[in-house]
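What follows is a single structure, written as structure tokens, with notes after it.
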Amino acid sequence: MLQHPTLRCAPRWLLLACAATAAFREAGAAPAPRQMERLGRGVVALRQSDGSVFVGWRLLGTDPEEVAFDLYRSTAGGPPAKLNGEPLREACHFVDRGAPAEEPNAYDLRPVLKGDEGEASAPFTLPANAPARPFLSLPLRTPEGYAPNDASPGDLDGDGEYEIVLHQTGRGRDNSQAGATTEPILEAYEMDGTFLWRIRLGRNIREGAHYTQFMVYDLDGDGRAEVASKTADGTVDGKGAVIGDAKADHRNERGYVLAGPEYLTIFAGATGAALATSDYVPPRGKVADWDDDYGNRVDRFLACIAYLDGERPSLVMCRGYYTRTVLAAWSWRGGKLTRQWTFDSHDGAPGNARYAGQGNHSIAVADVDGDGRDEIVYGACVIDDDGKGLYSTGLGHGDAQHLSDLDPGRPGLEVFSIHERPRHEHGIEMRDARTGAVLWSVPSPDVGRGLAIDIDPRHPGAECWASGDGLDALHDCKGRVIPGPKPRSCNMAIWWDGDPLRELLDGVRIEKWDPERGLAVPLLDGAEHGCASNNGTKANPCLAADILGDWREELIARTRDGKELRIFTSTIPTTVRMHTLMHDPTYRLGVAWQNVGYNQPPHTGFHLGHGMAPPPRPAIRTVPLVKAGK
């Protein structure tokens, strides 16, 4: 599903394209298809400065290789007019130079197979007199004293297109800081700004990056995403129902919540109504058992979605990573919330103690051992699909990690990670994701941030760099130093300009690394369009993910006044035709966990970069749509 002048099929491709299923073929089996949301075409249109309209759409992971498209425009209520002569078989975008600016223009897309047109997509309407700008505007109902923060996409109503679940934040605190916080709020919006619901998590859920993790995913396969989060006495769902004791206030004199019940709640994505509530696992127990007595380490939470049986998604809610580490897996199926397993580094099981203190401020999920089922990369250790430890490196805590096929010259996936104040010589390291074997490393006493993405076409695979003492070099995927400077930014990343190389994303600014000149070239600055980043020095947008148009990622950022989200989508022409990244299971799970802790960019489960082979066809089965359109 990928066509590009530099991406040619070769015998090596045949091996690489089969890598994801090699283990199954050797065993005489094939990977089971994963339950995945059924997406529409994600049609999007933006007026450009020359008066033309750039129109983009999705190629699906379930589309036949030979599918082409016809694009139609309807103006002023007239009949749809086909804009292309021959069916569109190349990249998934089109420039319409005849769209009248003074009238609304509605675009729809129709797949073409063997000369026959299929059903029209849901239309996207560009309003009359739409200004030339690189973003869509999503108006918000931000409460007074709050600001938009992390966002997560999900098809909440089952129409095949994404809605946005947004975390609204007021005054937050790091776990190490005393003081009262505002009550965390979750809101849901259609992409046009239609307000759906508001969930108030309440005074007994503290606000901060380490407390309020929320998962948005279709957990039961009914075509509509659910929302899952930790709740407590006084949480108010999207229909106004209260969970627990509405009058309870468990905050102590220092603002910490170290008493009272803790819950896990599944909410309906369409309405925000609480569907099921259970006790949170693990309970906090005695606070000092988590290595301090004032409430810092006991309330370090992570969360993710994983296909633990290889076919259906499970919810994994976690607690602790500096010392004791606990992960609890849950299924939401048939209207029942069921705990599948619990991993506890302190439960006395043989070998589990080695997994204590290995977690990061983030998490990652993929099938690292090739058995078709997902593992959870919990910083410097990995928990297997059955809730048992796969391996622990013992390298300790870090702030950032990246999981993908970072070195396409070797089989399987790799993890690039950094370590904070380590008691060893692996300040930054790349390891085999399946075994934990360190492939290469560089010593440093304290590393704050690190990134592994493909930015230099002269070297195969991902380039790696970090901020920390003595870490002045850019490395290739084998650990060799690349002469010259490294990028100053090592925060997040985005596929934006149309080639398979990835761009630098810092705050709301996108830059292209020029390896010949050793400098970053600005491509888009959201600040020039009234936008700002979140989370202080962590400087991330609300979301960076492929939610519209072709395979490239959108940048979703808040305006400075908090009244809008602005969804930036690339209008740079590309020759690459590739299925939506959201139909790659590893990438889709990465988007789900992006809001957790210190935001990290999602990565694909295959090498997406210069000289890449065509991506493997995803082994997915999409669920039925609940309704045909909006």
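The values are calculated or read from the model by the stated rules, or taken from the named source; none is laboratory data. This one's a predicted model, so the numbers in the text were calculated from it and none came from an experiment. Ideal geometry is used to build each Cβ from the backbone, glycine not excepted, and the neighbour counts take in all protein chains shown. Surface accessibility is based on the protein's heavy atoms, side chains included, excluding ligands, DNA and RNA. Shrake-Rupley method; radii C 1.70, N 1.55, O 1.52, S 1.80 Å.
The rows are residues; the columns are (1) in contact (Cβ under 8 Å) with a residue 24 or more places away in the chain; (2) touching a Gly at 6+ places or on another chain (Cβ under 9 Å).
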{"site": "Glu262", "(1), (2)": "yes, no"}
{"site": "Gly272", "(1), (2)": "yes, yes"}
{"site": "Ala276", "(1), (2)": "yes, yes"}
{"site": "Asp292", "(1), (2)": "no, no"}
{"site": "Asp299", "(1), (2)": "yes, yes"}
{"site": "Lys336", "(1), (2)": "yes, no"}
Log entry, pairs with first residue in the stretch 232-259 being over 22 Å from Val165 (Cα atoms), second being of a type in the set (Gly, Ala, Ser) and part of a strand (DSSP E or B), beta carbons closer than 7 Å, six or more apart or on different chains, reads Gly244/Ala232
Every listed condition ((1) within 17 Å of Val216 (Cα to Cα); (2) in contact with a Cys (Cβ under 8 Å, 6 or more places away or on another chain); (3) open to solvent by 10 Å² or more (accessible area, probe 1.4 Å)) holds for Ile556 save (3)
Taking the stretch 126-146 and keeping only residues that are open to solvent by 70 Å² or more (accessible area, probe 1.4 Å) and free of Cβ contacts under 8 Å to residues at least 40 places away in the same chain, one is left with Pro127, Asn129, Glu144
In the stretch 575-589, residues that are open to solvent by less than 10 Å² (accessible area, probe 1.4 Å) and either under 14 Å from Ala366 (Cβ atoms) or of a type in the set (A, V, I, L, M) (or both) total 7
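Within the stretch 114-124, take every residue that is surrounded by fewer than 17 Cβ atoms within 10 Å (Cβ to Cβ) and part of a strand (DSSP E or B) and give me the one that is farthest from the chain's Cα centre (by Cα). First the steps, then the outcome.
Step one: list which residues in the stretch 114-124 are surrounded by fewer than 17 Cβ atoms within 10 Å (Cβ to Cβ), which gives 114-120, 122.
Checking which are part of a strand (DSSP E or B) leaves us with 116-117.
On the way: Asp116: 36, Glu117: 33 Å.
The extreme case among them is Asp116.
Which one is most open to solvent (accessible area, probe 1.4 Å) among residues in the stretch 229-271 that are among the β-branched types (Val, Ile, Thr) and over 17 Å from Trp330 (Cα atoms)?
The initial filter retains those residues of the stretch 229-271 that are among the β-branched types (Val, Ile, Thr), namely 231, 235-236, 242-243, 257, 265-266, 271.
The next check asks that each one be over 17 Å from Trp330 (Cα atoms); those that pass are 235-236, 242-243, 257, 271.
Working: Thr235: 0, Val236: 42, Val242: 71, Ile243: 17, Val257: 11, Thr271: 52 Å².
Applying the filter and picking the extreme gives Val242.
Before we move on, is Ser49 polar (S, T, N, Q) and either surrounded by 13 or more Cβ atoms within 10 Å (Cβ to Cβ) or in contact with a Cys (Cβ under 9 Å, 6 or more places away or on another chain) (or both)?
Values: polar (S, T, N, Q): yes; either surrounded by 13 or more Cβ atoms within 10 Å (Cβ to Cβ) or in contact with a Cys (Cβ under 9 Å, 6 or more places away or on another chain) (or both): no.
No; evaluated as a whole, the condition is false for this residue.
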How many residues of the stretch 441-451 are open to solvent by less than 10 Å² (accessible area, probe 1.4 Å) and modelled with pLDDT of 95 or more? The answer is 2
Of the candidates Ala592, Ala619, the one satisfying the condition of being more than 21 Å from Asp497 (Cβ to Cβ), touching a strand residue (DSSP E or B) at 6+ places or on another chain (Cβ under 9 Å), surrounded by fewer than 24 Cβ atoms within 10 Å (Cβ to Cβ) and at pLDDT 95 or above is Ala619
Tell me whether the stretch 297-307 contains one or more residues that are assigned to a loop (DSSP other than H, G, I, E, B), touching a Ser or Thr at 6+ places or on another chain (Cβ under 9 Å) and crowded, with 23+ Cβ neighbours inside 10 Å. no
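Here are some residues: Pro111, Pro79. Which one is in contact with a Ser or Thr (Cβ under 9 Å, 6 or more places away or on another chain) and either exposed (fewer than 14 other Cβ atoms within 10 Å of the Cβ) or modelled with pLDDT of 95 or more (or both)?
Working: Pro79 fails: in contact with a Ser or Thr (Cβ under 9 Å, 6 or more places away or on another chain).
After ruling out the rest, the residue left standing is Pro111.
Considering only residues that are aliphatic (A, V, I, L, M) and open to solvent by less than 20 Å² (accessible area, probe 1.4 Å), which ones fall in the stretch 184-228?
Residues of the stretch 184-228 that are aliphatic (A, V, I, L, M), as a first pass: 185-186, 188, 191, 196, 199, 201, 205, 209, 215-216, 219, 225, 227-228.
Scanning the stretch 184-228 gives Ile185, Leu186, Ala188, Ile199, Leu201, Ile205, Met215, Val216, Leu219, Ala225, Val227, Ala228.
Could you pull out the residue among Asp399, Asp432, Asp347 that is closer than 28 Å to Ala209 by Cα and free of Cβ contacts under 8 Å to residues at least 40 places away in the same chain?
Details: Asp399 fails: free of Cβ contacts under 8 Å to residues at least 40 places away in the same chain; Asp432 fails: closer than 28 Å to Ala209 by Cα.
That would be Asp347, the only listed residue that is closer than 28 Å to Ala209 by Cα and free of Cβ contacts under 8 Å to residues at least 40 places away in the same chain.
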TODO: Output yes when any residue across the stretch 478-490 is under 22 Å from Glu554 (Cα atoms) and open to solvent by 10 Å² or more (accessible area, probe 1.4 Å), and no when none is.
DONE: yes
Restrict the check to the stretch 89-107 and report whether at least one residue is open to solvent by less than 50 Å² (accessible area, probe 1.4 Å), of a type in the set (Ser, Thr, Tyr), closer than 30 Å to Asp222 by Cα and in contact with a strand residue (DSSP E or B) (Cβ under 9 Å, 6 or more places away or on another chain).
yes
Per the filter on the stretch 125-135, residues part of a strand (DSSP E or B) and not hydroxyl-bearing (Ser, Thr, Tyr) are Leu126, Phe135
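One line per residue, one yes/no per condition, for (1) closer than 17 Å to Ala452 by Cα; (2) in contact with a Ser or Thr (Cβ under 9 Å, 6 or more places away or on another chain):
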site: Cys477; (1), (2): yes, no
site: Pro487; (1), (2): yes, no
site: Cys490; (1), (2): yes, yes
site: Arg509; (1), (2): no, yes
site: Lys512; (1), (2): yes, no
site: Arg517; (1), (2): no, no
site: Thr537; (1), (2): no, no
site: Pro541; (1), (2): no, yes
site: Ala544; (1), (2): yes, no
Taking the stretch 305-357 and keeping only residues that are over 22 Å from the mean Cα position of the chain (by Cα) and of a type in the set (S, T, N, Q), one is left with Thr323, Thr325, Thr338, Gln340, Thr342, Ser345, Asn352
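Among the listed residues Leu109, Leu60, Leu138, Leu71, identify the single one that is assigned to a loop (DSSP other than H, G, I, E, B) and either polar (S, T, N, Q) or at negative phi (or both). Break it down into steps so the answer makes sense when it comes.
Details: Leu109 fails: assigned to a loop (DSSP other than H, G, I, E, B); Leu138 fails: assigned to a loop (DSSP other than H, G, I, E, B); Leu71 fails: assigned to a loop (DSSP other than H, G, I, E, B).
Result of the check over Leu109, Leu60, Leu138, Leu71: Leu60.
Mind checking which residues of the stretch 74-85 are outside any loop (DSSP other than H, G, I, E, B) and under 26 Å from Ile567 (Cβ atoms)?
Within the stretch 74-85, Ser74, Thr75 meet the criteria.
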Filtering the stretch 320-341 down to residues that are β-branched (Val, Ile, Thr), in a strand (DSSP E or B) and surrounded by 18 or more Cβ atoms within 10 Å (Cβ to Cβ) yields Val326
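So that you can scan it fast, the table gives a plain yes or no per residue for (1) in contact (Cβ under 8 Å) with a residue 60 or more places away in the chain; (2) open to solvent by less than 10 Å² (accessible area, probe 1.4 Å); (3) among the charged types (D, E, K, R):
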position: Val521; (1), (2), (3): no, no, no
position: Thr537; (1), (2), (3): no, no, no
position: Ala544; (1), (2), (3): no, yes, no
position: Arg566; (1), (2), (3): yes, no, yes
position: Gln600; (1), (2), (3): yes, yes, no
Wholly inside the stretch 346-440, strands (runs of 3 or more DSSP E) that include 3 or more residues that are open to solvent by less than 20 Å² (accessible area, probe 1.4 Å), under 29 Å from Asp456 (Cα atoms) and touching a strand residue (DSSP E or B) at 6+ places or on another chain (Cβ under 6 Å) are 364-366, 401-404, 414-418, 428-432
Checked the stretch 283-312 for anything farther than 24 Å from Arg333 by Cβ and among the small types (Gly, Ala, Ser); matches are Gly285, Ala288, Gly295
